[in-house]
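One structure is given here, and the rest of the page talks about it.
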Amino acid sequence: MRMFVDGNWADSVTGDTTSIFNPATGEVVDSVPMGNREDARSAIDVARDRLQKWSALSPIERSRLLYRVSEAIKSNVEELAQSLTREQGKPLYEARSEVSSFVGCLEYYAGLTGRFRSAQVPFTSGEGYSIVTKKPVGVVGAIVPWNFPVSLLGWKLSPGLAAGNTFVVKPASTTPLTDLKLAEVMTKAGLPAGVLNVVTGPGSVVGEELLENPKVSKIAFTGETETGRRIMGQAALTIKRITLELGGSDPMIVCDDADINLAVEGAAFGRFRNAGQICTSVKRLFLFQDIAGDFIKKFTEMVRRIRVGNGLDPHTTMGPVHSEQQRQEVEHMVEEATGKGAHVLIGGRRPSGAEFDKGHFYEPTLLTDVDYSSRIAREECFGPALPIFVVKDLEEAIERANDSVYGLGSSIWTRNLDRAQYASEMIEAGTTWINSPPISRPEVPFGGFKQSGIGRELGLEGLEHYYETKTTQIYEYIKGKKWRYPEN
Ligand code: NAD
């Protein structure tokens with residue numbers, strides 16, 4: 001495929017390309033241009049040029065257009081999902097659900113477009129009043145990771161387009177294909193050319209241009225905390241607005257009064273969906289000691305039933321890890337933990353067999369007796385391995401849960417709502433799920449405390465980040481009034 005700029009397919013000025021591989025087979029799926037700073041600059045110029053016209057469209061026209069675009073995506077779910085599985089690795093049913101979630105997000109914001117009233121604020125002095133209105137921020141640079149290339153693009157595009165901004169998107173280097181297809185579908189459905197541009201290429205080149213170019217007003221970034229730290233520094237040079245959705249090490253607490261079967265299912269879904277590569281995957285499991293034995297037995301049995309394989313196989317329930325580097329990172333964390341005395345309950349190795357030879361597969365892994373100084377307890381493990389800890393009570397669980405530089409998601413499983421609400425108050429995280437694995441919804445804000453991010457995506461709060469606030473002060477004519485300077 002080629003880059004998508006101003007409604008057309010484009011090559012890089014250098015003509016260089018890079019291959020995109022299927023993580024399950026190692027086969028080349030396609031290739032894309034290796035964009036550079038000049039390519040990014042051209043796309044930014046186009047987005048800047050189209051801003052005025054796009055933001056001047058009436059809200060109801062923008063709303064209708066976004067609904068039309070979402071209908072077009074619905075007609076292409078299968079093709080987009082196949083493309084996503086091929087480049088990312090996730091099972092097809094997860095890919096379909098990801099494309100559908102993009103549609104849900106777009107429809108939610110299409111419904112909000114133009115629904116806000118602006119404020120009229122009277123001056124306390126009685127001289128007049130202000131009108132407070134909202135204006136689009138401008139050109140947005142959207143930088144997207146490889147774990148959810150579609151839905152995390154949707155979290156940025158949907159509120160951003162609804163608010164009247166234009167976009168230059170930089171997909172992750174290994175997962176640009178479905179984002180490119182989406183841009184094409186959306187433009188064919190009526191999104192004006194140049195409102196949404198997609199530039200492929202390395203983050204350190206294309207991303208840096210987005211960060212430094214003064215025509216870009218906002219950076220919406222999802223990715224690792226380390227990259228986010230760098231982005232925050234770079235964005236400071238031109239005082240860009242930023243939203244950062246970064247890493248997490250989410251705790252899941254299972255109390256002694258929880259519905260154990262439900263919590264076991266929640267833990268399996270929460271840790272092994274997308275092969276554990278979700279910012280809000282369950283990454284540390286805390287079990288009350290009275291139920292720990294029963295829970296661990298049932299959980300191990302459930303994990304044994306996970307079918308690892310190629311995401312295109314309809315029987316697969318967990319695909320490969322996205323890249324070799326990612327698989328080795330998980331392996332190192334498991335080895336380091338076992339070196340410090342952890343016990344592997346299940347998994348802890350690559351699956352064997354010809355169908356696994358060429359892909360980056362790793363078995364779903366459960367660890368007990370994990371020393372809390374281990375990397376898997378202290379850092380983000382972005383893959384299918386889970387450390388399990390036994391705690392004596394809720395206070396210990398909360399203390400451990402908060403013992404992290406991250407604060408993205410968290411969950412508590414109990415039949416006692418008082419207990420759950422207390423835990424939600426005490427846990428330092430952007431979201432606490434009660435009796436549910438992590439599920440994001442377009443209508444509620446999502447984001448991190450501590451080093452898990454800045455700002456919020458989704459919900460009304462997410463929309464706010466795509467607006468500037470404009471104040472117009474209006475002074476009534478008062479007979480005899482003067483602006484005296486200097487005061488005498
Ligand atoms: P990453 O930080 O390596 O890359 C993310 C994006 O940033 C990619 O498009 C990459 O090309 C680009 N990039 C890299 N260096 C850059 C630079 N110097 N300037 C500009 N752009 C640059 O992250 P990843 O490995 O793709 O994604 C996994 C991480 O994302 C995990 O840490 C995960 O927790 C996090 N994540 C967070 C959320 C959230 O909402 N909080 C959601 C999903 C993933």
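The values are calculated or read from the model by the stated rules, or taken from the named source; none is laboratory data. Note that the coordinates shown come from a computational prediction; the quantities given were computed from them, not determined experimentally. So basically every Cβ, Gly included, is an ideal-geometry build from the backbone, and we count neighbours across all protein chains shown. For the accessible areas, the whole protein counts, side chains as well, though only heavy atoms, and no ligand, DNA or RNA atoms are used. Shrake-Rupley method; radii C 1.70, N 1.55, O 1.52, S 1.80 Å.
Some notes on this structure:
- Residue that is surrounded by fewer than 20 Cβ atoms within 10 Å (Cβ to Cβ) and modelled with pLDDT of 95 or more, where the choices are 239, 219: 239
- Within segment 445-477, restricting attention to residues that are part of a loop (DSSP other than H, G, I, E, B) and open to solvent by 70 Å² or more (accessible area, probe 1.4 Å), the residue that is farthest from the ligand (Cβ to nearest atom) is 477.
- Within segment 58-173, strands (runs of 3 or more DSSP E) holding 1 or more residues that are open to solvent by 40 Å² or more (accessible area, probe 1.4 Å): 119-122, 128-136
- Scanning segment 209-225 for residues that are near the ligand (Cβ under 7 Å from one of its atoms) and either outside any helix (DSSP H, G or I) or within 17 Å of the chain's Cα centre (by Cα) (or both) returns 221, 222, 223, 224, 225.
- The single condition among (1) within 16 Å of the ligand (Cβ to nearest atom); (2) closer than 25 Å to residue 234 by Cα; (3) in contact with a helix residue (DSSP H, G or I) (Cβ under 7 Å, 6 or more places away or on another chain) that residue 177 does not meet is (2).
- Counting the residues of segment 264-317 that are open to solvent by less than 10 Å² (accessible area, probe 1.4 Å) and of a type in the set (D, E, K, R) gives 3.
- Of all residues in segment 231-271, those satisfying the criterion of being touching a strand residue (DSSP E or B) at 6+ places or on another chain (Cβ under 7 Å) and within 23 Å of residue 333 (Cα to Cα) are 246, 247, 248, 249, 250, 251, 252, 253, 267, 270, 271.
- Residues located in segment 242-263, provided they are without any contact (Cβ under 8 Å) to a residue 40 or more places away in the chain and open to solvent by less than 40 Å² (accessible area, probe 1.4 Å): 260
- So residue 302, is it away from the ligand (no atom under 13 Å from the Cβ) and touching a Gly at 6+ places or on another chain (Cβ under 9 Å): no
- Options 422, 467, 477: the member that is of a type in the set (Phe, Trp, Tyr) and touching a residue at least 60 places away in the same chain (Cβ under 8 Å): 467
- Per-region count, segment 231-265, residues more than 30 Å from residue 294 (Cβ to Cβ) and over 18 Å from the mean Cα position of the chain (by Cα): 8
- For segment 430-459, filtering for residues that are of a type in the set (A, V, I, L, M, F, W, C) and in contact with a helix residue (DSSP H, G or I) (Cβ under 8 Å, 6 or more places away or on another chain) leaves 5.
- Test: residue in segment 388-403 that is crowded, with 24+ Cβ neighbours inside 10 Å and under 24 Å from residue 455 (Cα atoms): yes
- With respect to the conditions (1) over 23 Å from the mean Cα position of the chain (by Cα); (2) outside any loop (DSSP other than H, G, I, E, B), residue 25 lacks only one, and its number is (2).
- Residues satisfying the stated conditions in segment 181-208, i.e. within 10 Å of the ligand (Cβ to nearest atom), part of a helix (DSSP H, G or I), within 25 Å of residue 8 (Cβ to Cβ) and open to solvent by 10 Å² or more (accessible area, probe 1.4 Å): 203, 205, 208
- Being without any contact (Cβ under 8 Å) to a residue 12 or more places away in the chain and outside the structural domain of residue 279 (by TED's automatic domain parsing) holds for only one residue in 122, 149, 145, 136, and it is 122.
- Residue in segment 269-291 that is within 21 Å of the chain's Cα centre (by Cα), among the acidic types (Asp, Glu) and at pLDDT 95 or above present: no
- In segment 430-439, the qualifying residues are those that are surrounded by fewer than 20 Cβ atoms within 10 Å (Cβ to Cβ) and outside any strand (DSSP E or B), and the one that is farthest from the ligand (Cβ to nearest atom) is 435.
- Residues being open to solvent by 40 Å² or more (accessible area, probe 1.4 Å), assigned to a loop (DSSP other than H, G, I, E, B) and in contact with an Asp or Glu (Cβ under 7 Å, 6 or more places away or on another chain) are represented in segment 404-416 by at least one member.
- Count of residues meeting criterion [more than 10 Å from the ligand (Cβ to nearest atom) and closer than 15 Å to residue 455 by Cα] in segment 236-268: 3
- Of residues in segment 1-16 being part of a loop (DSSP other than H, G, I, E, B) and out of contact with any Phe, Trp or Tyr (no Cβ under 9 Å at 6 or more places or on another chain), the one least open to solvent (accessible area, probe 1.4 Å): 12
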